[in-house]
Amino acid sequence: MQLLPGFRDFFPEDCARTNYILSVWRDVAGRYGFVEYDGPVLESTELYRKKSGGELLGQLFDFVDKGDRHVALRPEMTPTLARMVAARERDYKKPLKWFCAPSFFRYEKQQRGRLREFLQLNCDILGEASAGADAELIALVIDLLRAFGFGPADFVVRLSDRDAWAGFARARGVAEDRLLDFLAVVDKLERAPEADSQRRLAEFAIELSAVRAFIADPSEEAAKLQGILADLKARGMADFVQVDLTIVRGLAYYTGLVFEVFDRSGKERALAGGGRYDRLLEVMSDGKVQMPALGFGMGDVVLANLIASVPVASERRKAWLDARRAAEVFVVLAKEEHRIEALALVQTLRDSGFRTDYALSLAKVGKQFQSAEVVGAKFAVVIGEEWPQVKLKELATRQERLLEVTDLLNALRS
Ligand code: HAM
């Protein structure tokens, strides 16, 4: 009974690490005024066929349900979000700043940084067309990563614009309905063998050298993105961004600004990616709702790899995990005849908010101390022949003192 490829079991230590990531995501998104939402895990396959497009279609976990519906496990959130907002946009003040962080499913080849089930934080701003929203969203992606302990030496946000490529393609006679196919070739340029790119570009009568020359000089694009760059500079974030025309993104709905976040070592796949999708709500609502929008997704898999490889980030994670170990206090019962008093004390400690544990059955004192260490308790409270006095022992320093049980709560609090 093996795990399916690309899926993960979450043992308690794995859950704790994932909870760390979720807690930082939620904390920083909250600091930026984003509120949480969610949608269904299963959607009609049609939603992704029509709205996501691109390589995602080959990666759908889709099937026919018992009601003969063609359905798919969600590979991404954006089409669901667009559907939800288009249906109830009047109920919310603009701009909407929404986030979610559930699981997604893609039938991808299992590789470093890519699984078939993963968590993805989605942050989106809807109803705001200005460059101020672009900069705010990029600042958020930067601050999310800074909160894990990463600095400008660890990651970079690569900014680009699909309009620049649309202009390039149009000037070379690429028909509108082939634009996405052309963008797909550019999207693969960094990963595909050169001969493949050359062959695919030949279909558009475009030379690879022309594409490379366009990428080599992003100055025109940098001038257009000046407003966003100046905004980020004002926040002290200039070192985290760079204009890079190799970024076009693989999804069909993006309209203008696009970006991806990479680790500086270049060893990992993208940490996050997003952009503007100003026409998706209109398409989703058959023209009824017109609302500019932009957002990004950040997965947990590459992020966890990077946390493990950057010392500052792993120390920060360790400190967070240590502060949330299973128990703070372990009640050690040295005299079995005091079990009733011990149970009452355990209950009082728990009622007072202390994470408290104890041995469920008769055990030697040494064994109980071992259990206290295993659960990571900071303190042991020993109930023995001194009762109603107890020994309070700090496990790390092995310092102990005898005190009245009535003084225990105050002692622990201080
Ligand atoms: P995406 O580039 O497909 O964008 O995914 C965003 C991030 O999700 C990736 O950079 C990566 O961190 C993570 N990710 C994607 N696929 C996998 C996988 N198979 N295993 C592990 N991690 C993965 C989107 O999904 C867009 N819907 C994002 C967006 C939101 N755009 C606007 N709003």
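Sort out which residues of the range 1-29 are acidic (Asp, Glu) and closer than 22 Å to Ala272 by Cα, and write them in order of number. Within the range 1-29, Asp14, Asp27 meet the criteria. In the set Ala213, Ala230, Ala192, only one residue is assigned by TED's automatic domain parsing to the domain that holds Gly266, at negative phi and loosely packed, with under 12 Cβ neighbours inside 10 Å; that residue is Ala213. Within the set Ala86, Ala129, the sole residue that is surrounded by 14 or more Cβ atoms within 10 Å (Cβ to Cβ), assigned to a helix (DSSP H, G or I) and out of contact with any strand residue (DSSP E or B) (no Cβ under 7 Å at 6 or more places or on another chain) turns out to be Ala86.
Selection of the range 117-131 for residues being more than 9 Å from the ligand (Cβ to nearest atom), of a type outside the set (Asp, Glu) and in contact (Cβ under 8 Å) with a residue 60 or more places away in the chain yields Ile125, Leu126, Gly127, Ala129, Ala131.
Within the range 239-273, the set of residues being at positive phi and more than 9 Å from the ligand (Cβ to nearest atom) comprises Gly266 only. Can you confirm whether the range 133-150 contains a residue that is of a type in the set (Lys, Arg) and either in a strand (DSSP E or B) or outside the structural domain of Leu60 (by TED's automatic domain parsing) (or both)? For the range 133-150, residues of a type in the set (Lys, Arg) and either in a strand (DSSP E or B) or outside the structural domain of Leu60 (by TED's automatic domain parsing) (or both): absent. Test Gly275 against the criterion of being under 15 Å from the mean Cα position of the chain (by Cα) and crowded, with 17+ Cβ neighbours inside 10 Å, and give yes or no. When the stated conditions are applied, Gly275 does not pass them. With respect to being more than 12 Å from the ligand (Cβ to nearest atom) and either among the basic types (Lys, Arg) or part of a loop (DSSP other than H, G, I, E, B) (or both), Ala153 fits the description. Flag: Trp320 does not match the condition of being modelled with pLDDT under 95 and among the aromatic types (Phe, Trp, Tyr).
Residues that are in contact (Cβ under 8 Å) with a residue 12 or more places away in the chain and among the acidic types (Asp, Glu) occur at least once in the range 235-251. Of the strands (runs of 3 or more DSSP E) contained entirely in the range 274-390, those carrying at least 2 residues that are among the small types (Gly, Ala, Ser), under 27 Å from Lys97 (Cα atoms) and within 16 Å of the ligand (Cβ to nearest atom) fall at 293-299.
Residues in the range 59-83 that are away from the ligand (no atom under 16 Å from the Cβ) and in contact (Cβ under 8 Å) with a residue 24 or more places away in the chain were compared, and the one that is surrounded by the most Cβ atoms within 10 Å (Cβ to Cβ) is Val71.
For the range 341-359, does any single residue satisfy the condition of being farther than 30 Å from Ala147 by Cβ, touching a Leu at 6+ places or on another chain (Cβ under 8 Å), surrounded by fewer than 17 Cβ atoms within 10 Å (Cβ to Cβ) and at pLDDT below 95?
Keep residues of the range 341-359 that are farther than 30 Å from Ala147 by Cβ, which gives 341-352, 356-359.
After this cut, where a residue has to be touching a Leu at 6+ places or on another chain (Cβ under 8 Å) as well, the list is 342, 345, 348-349, 352, 356, 358-359.
Subsequent filtering for residues that are surrounded by fewer than 17 Cβ atoms within 10 Å (Cβ to Cβ) retains 348, 352.
Cutting the leftovers down to at pLDDT below 95 gives us none.
Within the range 341-359, none of the residues are farther than 30 Å from Ala147 by Cβ, touching a Leu at 6+ places or on another chain (Cβ under 8 Å), surrounded by fewer than 17 Cβ atoms within 10 Å (Cβ to Cβ) and at pLDDT below 95.
Residues that are in contact with an Asp or Glu (Cβ under 7 Å, 6 or more places away or on another chain) and of a type in the set (Gly, Ala, Ser) within the range 273-292 comprise just one, Gly273.
Only one of Ala202, Ala195, Ala164, Ala210 is small (Gly, Ala, Ser), under 22 Å from Phe262 (Cα atoms) and more than 27 Å from the chain's Cα centre (by Cα). Can you tell me which?
Selected residue: Ala164, the only one of Ala202, Ala195, Ala164, Ala210 that is small (Gly, Ala, Ser), under 22 Å from Phe262 (Cα atoms) and more than 27 Å from the chain's Cα centre (by Cα).
The values are calculated or read from the model by the stated rules, or taken from the named source; none is laboratory data. As the structure is a computational prediction, the values presented were derived from the model and not from experiment. Positions of Cβ are generated from backbone atoms using ideal geometry, with glycine treated the same way; all protein chains shown enter the neighbour counts.
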